[in-house]
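Engineer: Below are the structure tokens for one structure; questions will follow.
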Amino acid sequence: MTANEDGTTKTEAMAAAEARAVRTQSATEKAGAEATAAAEPETAKPSSEESPAGAVEAARADSEPALRRWRRRALFALAIGFGAGLSPKAPGTVGTLIGIPLAIALSAAHPVAQVLLILGFIWLAVRAAAVAEARFGTSDDGRVVSDEIAGYLVAMAFLPPEPINLLAAFVLFRLFDILKPWPCSHFDKKRHDAVGNVMDDVCAGLYARALLQAWIALWP
């Protein structure tokens, strides 16, 4: 073998050794990167169905004291009518049905107590709508029916819980809730918050109650 051939053979051997070293280093770096990625916790991605307001509300709920967290859950349950507002069809009408047993129970109370209890429920309905607004991004979400319950209680105030009264109050309240005469329309269009959400139904309940009172006066 000549000197030139011997030099060429050594050069090729050195090049092959360098190539193997580079491949080994690349494989080591790749394995290290994969191990690092596996060790890092994966960042949770927010659900596409969850509103930004709902994500903030969930994060805040996790940091709240237990008592306050349970209170917010109770108000949220009231906001959706204890599940009635989740009805796939006519949730407002279904939610109003929750007011019937409450109206029957309230009818046994003294008139002054009825006023105080109805006002207290309206206050709770506003609080519940505010909690639902933080969850859904709006207090006027169709699943929020605590306002319908409050409005029906107003429509049934001081009336004996006879079937004809319960039915007439239900029909008239739903009618005025849909038609939204003034000032119902004012609260519905100008107040896009928990107060407006509840007060337009309270006004509809007052209209229904006034018409029922006129009916009773004309046909005792």
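Engineer: Of all residues in segment 122-140, count the ones that are aromatic (Phe, Trp, Tyr) and buried (at least 19 other Cβ atoms within 10 Å of the Cβ). Write out each step before concluding.
Structural biologist: Filtering segment 122-140 for residues aromatic (Phe, Trp, Tyr) gives 123, 136.
Right, trim to buried (at least 19 other Cβ atoms within 10 Å of the Cβ) and you get 136.
Of the residues in segment 122-140, 1 are aromatic (Phe, Trp, Tyr) and buried (at least 19 other Cβ atoms within 10 Å of the Cβ).
Engineer: Taking the stated definitions as given, is residue 173 among the hydrophobic types (A, V, I, L, M, F, W, C), in contact with a Cys (Cβ under 7 Å, 6 or more places away or on another chain), part of a helix (DSSP H, G or I) and under 27 Å from residue 113 (Cβ atoms)?
Structural biologist: Values: among the hydrophobic types (A, V, I, L, M, F, W, C): yes; in contact with a Cys (Cβ under 7 Å, 6 or more places away or on another chain): no; part of a helix (DSSP H, G or I): yes; under 27 Å from residue 113 (Cβ atoms): yes.
No; evaluated as a whole, the condition is false for this residue.
Engineer: Collect the residues in segment 85-101 that are assigned to a helix (DSSP H, G or I) and of a type in the set (Gly, Ala, Ser), keeping them in residue-number order.
Structural biologist: Taking segment 85-101 and keeping what is assigned to a helix (DSSP H, G or I), we get 85-86, 91-97, 99-101.
If the condition is that a residue be assigned to a helix (DSSP H, G or I) and of a type in the set (Gly, Ala, Ser), then 85, 92, 95, 99 are the ones that fit.
Engineer: Could I ask something else about it? Identify, from the list 177, 141, 200, the residue that is of a type outside the set (A, V, I, L, M, F, W, C) and under 15 Å from residue 76 (Cα atoms).
Structural biologist: Numbers: 177 fails: under 15 Å from residue 76 (Cα atoms); 200 fails: under 15 Å from residue 76 (Cα atoms).
Going through 177, 141, 200 in turn, the sole match is 141.
Engineer: Okay, next question. Is it the case that segment 100-109 has a residue that's farther than 24 Å from residue 141 by Cβ, surrounded by 13 or more Cβ atoms within 10 Å (Cβ to Cβ), touching a residue at least 12 places away in the same chain (Cβ under 8 Å) and not aliphatic (A, V, I, L, M)?
Structural biologist: Among the residues of segment 100-109, at least one is farther than 24 Å from residue 141 by Cβ, surrounded by 13 or more Cβ atoms within 10 Å (Cβ to Cβ), touching a residue at least 12 places away in the same chain (Cβ under 8 Å) and not aliphatic (A, V, I, L, M), which makes the answer yes.
Engineer: Which pairs have Cβ atoms under 6 Å, sit 6 or more apart or on different chains, and link a residue in segment 86-98 that is free of Cβ contacts under 8 Å to residues at least 12 places away in the same chain to one that is assigned to a helix (DSSP H, G or I) and surrounded by 16 or more Cβ atoms within 10 Å (Cβ to Cβ)?
Structural biologist: Partner pairs satisfying both residue conditions: 87/94.
Engineer: Let me ask something additional. Might you let me know whether segment 129-137 holds any residue that is at pLDDT below 95, within 28 Å of the chain's Cα centre (by Cα), assigned by TED's automatic domain parsing to the domain that holds residue 200 and under 19 Å from residue 204 (Cα atoms)?
Structural biologist: Applying the first criterion (at pLDDT below 95) to segment 129-137 yields 129-137.
Of the ones still in play, those that are also within 28 Å of the chain's Cα centre (by Cα) are 129-137.
Then drop every residue that is not assigned by TED's automatic domain parsing to the domain that holds residue 200, which leaves 129-137.
Within this subset, residues satisfying the condition of being under 19 Å from residue 204 (Cα atoms) are 129.
Looking through segment 129-137, at least one residue is at pLDDT below 95, within 28 Å of the chain's Cα centre (by Cα), assigned by TED's automatic domain parsing to the domain that holds residue 200 and under 19 Å from residue 204 (Cα atoms).
Engineer: Testing residue 161 on (1) of a type outside the set (S, T, N, Q); (2) in a loop (DSSP other than H, G, I, E, B); (3) modelled with pLDDT under 90, one condition comes back false. Which one is that?
Structural biologist: (3)
The values are calculated or read from the model by the stated rules, or taken from the named source; none is laboratory data. Computed from a prediction, not measured in an experiment: that's the story for all the values here. Every residue, glycine among them, receives a Cβ derived from its backbone with ideal geometry; neighbour counts consider all protein chains shown.
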